[in-house]
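Have a look at the structure below, then the notes.
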Amino acid sequence: MDDTHVQNSETFLLSNMSPQASKLNRGKWRTLETAIRKLNQLEDVVETYVITGPVFDYNSPLETIGQHDDNGVEIPIPSHFFKCVLAEQLNGRLKMWAFEMPNARADGELETYQVKTSYIERRTGIMVWNNLTGEKSSGKKYHQSALANGLKHHFPATYFR
């Protein structure tokens, strides 16, 4: 079993799951995930890192699921979800984006939900990229693709300069 297979299978572990509204998951969240896949396929992107998680807005009432089950376990429902993206380009430059979406139907353009990484860090108490280290890049693309302009229709062109 190769690393990619193991990493993909780990995304389906129960410890890696959080209740997400189907209107978000099948809508704008899917659009964002598709855009990130296209970003990773760009010829000038060597590697793409993504950190995703729940946000609990404690200024709002906490909703739960499972309260009517016989097992006595209630699971809190996040009010929002975040996704932070870091892309390493062939020239060594790093570009990053952060998004936060309500755990409900999300309308509008992706840019509507773009926030600063520091905002996500304050909201969640997580330091997103502080421990990101690695070996010096070979400058070679690991996954070649024919897509050259994948995300330009999702993100402003200034991200690709």
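Computed from the coordinates by the stated procedures, all read-outs in this text should not be read as laboratory data. The structure presented is a predicted model; accordingly, all values stated were derived computationally and were not measured. Virtual Cβ from ideal backbone geometry, glycine too; neighbours counted across all protein chains shown.
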message: If I model a spin label as a point 7 Å beyond the Cα along the Cα-Cβ vector, how far apart are those points for PHE12 and ARG123 in nm?
response: 2.9 nm
field: Cβ-based charge dipole, the stretch 31-103, positive-most Cα from LEU39, LEU90, LEU62
entry: LEU90
message: For a quick check: sort MET17, MET96, MET1, MET101 by the number of other beta carbons within 10 angstrom, fewest at the front.
response: MET1, MET17, MET96, MET101
- request: For each of TYR49, TYR113, TYR58, TYR119, count neighbouring Cβ atoms within 10 Å of the residue's Cβ, then give the residues from fewest to most.
  value: TYR58, TYR119, TYR49, TYR113
- prompt: Using 7 Å Cα-to-Cβ label points, what is the THR4/LYS95 separation (nm, one decimal)?
  reply: 2.3 nm
query: For labels at TYR58 and ASN130 in the simple 7 Å Cα→Cβ model, what's the distance in nm?
result: 1.8 nm
task: Just rank SER118, SER79, fewest to most, by other beta-carbon atoms within 10 angstrom.
output: SER118, SER79
field: Scattering curve values for the stretch 1-133, log₁₀ I(q)/I(0), Debye with Cα scatterers, q = 0.09, 0.12, 0.20 Å⁻¹
entry: -0.31, -0.55, -1.37
- prompt: Binned at 5 Å from 0, what are the whole-percent values of the Cα-Cα distance distribution for the stretch 40-95, short to long?
  reply: 4, 16, 16, 12, 11, 10, 9, 9, 8, 4, 2, 0
